[in-house]
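The values are calculated or read from the model by the stated rules, or taken from the named source; none is laboratory data. Note that the structure is a prediction, hence the values are computed from the model and not measured. Here Cβ is always computed from backbone atoms with ideal geometry, including for glycine, and neighbour counts include all displayed protein chains. What goes into the accessible areas is simple: the full protein's heavy atoms, side chains included, and nothing from ligands, DNA or RNA. Shrake-Rupley method; radii C 1.70, N 1.55, O 1.52, S 1.80 Å.
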Amino acid sequence: MRNILIILGLIIAAALARMAFVIIPASGMMADLTPVTPGQCEALTIAPGTEDITIDPASNRVFLSTDDRRTGERGGIFAFDLNEPGSLHDVSGDAPADFHPHGISLWTGPDGSQRLFVVNHRAGFDIAGGTHAVEIFDVGEDGMLSHVESISHEALLSPNDVLGVGPRSFYATNDRAYHSGIMANLEAYFGLPLSSVSYFDGTDGDMVAHGIAYANGINISADGNEVYVAELLARRVRVYDRDASSGQLTADRAFAVPTAPDNIEVDERGDLWIGGHPRVFDFVAHAADAGAIAPSHAVRLNPVTGETETALLVMDGSLNASSVAAQRDGVLLVGAVFDDHILVCAGD
């Protein structure tokens, strides 16, 4: 009995130590937050759950994914001209009837043709035993989407974000390894590095990165040689060297960021723009209660030097629980996990 008590005591001590030195710092609960607003910000109402945003640098067309995570109603993809937010319209076209988009990625081919990759949590989709898929759409000249195919594979376990790198090849982050039971709780509340990144080469899918504490957003450098992965529960961004021929990723470096990073966008200079959750427990409270305020945070990261800058931090409920930040031509767009609008911020 004495040995059992000693073992239990050691387990409890280890759990408390991890809480003190890992979970509390990662949650941001002790962070001193000062609001930051980049010039004039206006709300653009779209639809509930403006989860992810990407901007086509050639046309300045903005694509957004939306999904109402509180009601479970069908989501959609919207688009507008960055210079004319009033041009907003639904471009979902012939998306599946059971459409619940999450992360998105715009791929442009050498001939200028474009495809939009969309993580979709389809309740009725069951290839390889899963309910998740990546939907691939052709993008028309007017921005309208035409559904091409749905892809699922065994390594697409819990997709959060997607990165298209070819006509039908893509990376996807698996944000968790467990969805239920005690291991799901341990993974979430102890920040266990059990999540991963998968790769589909156009024919087969496999894991290409492991040991990540809640893999979230994913993006790529302009030359295609580096892949960036947001590690939400470690408050950092990992940088991987990419072998373009095989798709394999090799860990190179990681940079701390002052938020729990969600989605990642890359601007024309190569800087990363990150929507994040500076106080994770506030985000959890907001997820349970729409009336609870969760700060929204937009951070710029230089992926070479690791220098960070807070571009936006709002704590007044004008936007709750930011999930993405995208910047181009001095305009910053910030979306959210649950809110029905984005912030459109123009510099001074």
Leading residue by the ranking (farthest from residue 142 (Cα to Cα)) among those in the range 98-126 that are open to solvent by 10 Å² or more (accessible area, probe 1.4 Å) and aliphatic (A, V, I, L, M)
123
With respect to residue 87, is the statement that it is more than 15 Å from residue 148 (Cβ to Cβ) and either surrounded by fewer than 16 Cβ atoms within 10 Å (Cβ to Cβ) or among the aliphatic types (A, V, I, L, M) (or both) true?
yes
Just to be sure I understand, how many residues within the range 61-76 are of a type in the set (Val, Ile, Thr), in contact with a strand residue (DSSP E or B) (Cβ under 6 Å, 6 or more places away or on another chain) and open to solvent by 40 Å² or more (accessible area, probe 1.4 Å)?
0
Of everything in the range 131-145 that's assigned to a loop (DSSP other than H, G, I, E, B) and open to solvent by 20 Å² or more (accessible area, probe 1.4 Å), which residue is modelled with the lowest pLDDT?
131
Six or more apart or on different chains, Cβ under 7 Å: which pairs go from a residue in the range 216-227 that's over 7 Å from residue 163 (Cβ atoms) to one that's open to solvent by 40 Å² or more (accessible area, probe 1.4 Å) and outside any strand (DSSP E or B)? Could you list them?
224/244
If the Cβ limit is 9 Å and pairs must be 6+ apart or interchain, which residue in the range 61-87 that is touching a residue at least 60 places away in the same chain (Cβ under 8 Å) pairs with which residue that is β-branched (Val, Ile, Thr) and surrounded by fewer than 17 Cβ atoms within 10 Å (Cβ to Cβ)?
none
Any residue in the range 181-189 that is surrounded by fewer than 23 Cβ atoms within 10 Å (Cβ to Cβ), assigned to a loop (DSSP other than H, G, I, E, B) and not charged (D, E, K, R)?
no
Would you check if residue 262 is touching a His at 6+ places or on another chain (Cβ under 8 Å) and either open to solvent by less than 20 Å² (accessible area, probe 1.4 Å) or among the aromatic types (Phe, Trp, Tyr) (or both)?
yes
Scan of the range 303-322 for residues that are aliphatic (A, V, I, L, M), under 29 Å from residue 45 (Cα atoms) and open to solvent by 50 Å² or more (accessible area, probe 1.4 Å), ordered by number:
315
Checklist (1) surrounded by 13 or more Cβ atoms within 10 Å (Cβ to Cβ); (2) modelled with pLDDT of 95 or more; (3) more than 22 Å from residue 168 (Cβ to Cβ) applied to residue 38, failing item
(2)
For residue 106, are the conditions met, namely being among the aliphatic types (A, V, I, L, M), in a strand (DSSP E or B), closer than 24 Å to residue 47 by Cα and in contact (Cβ under 8 Å) with a residue 60 or more places away in the chain?
no
Exactly one of 79, 95, 47 is assigned to a loop (DSSP other than H, G, I, E, B), open to solvent by less than 30 Å² (accessible area, probe 1.4 Å) and either touching a Leu at 6+ places or on another chain (Cβ under 8 Å) or under 26 Å from residue 156 (Cα atoms) (or both), and that one is 95
Test residue 252 against the stated conditions and say whether it is open to solvent by 50 Å² or more (accessible area, probe 1.4 Å) and part of a strand (DSSP E or B).
yes
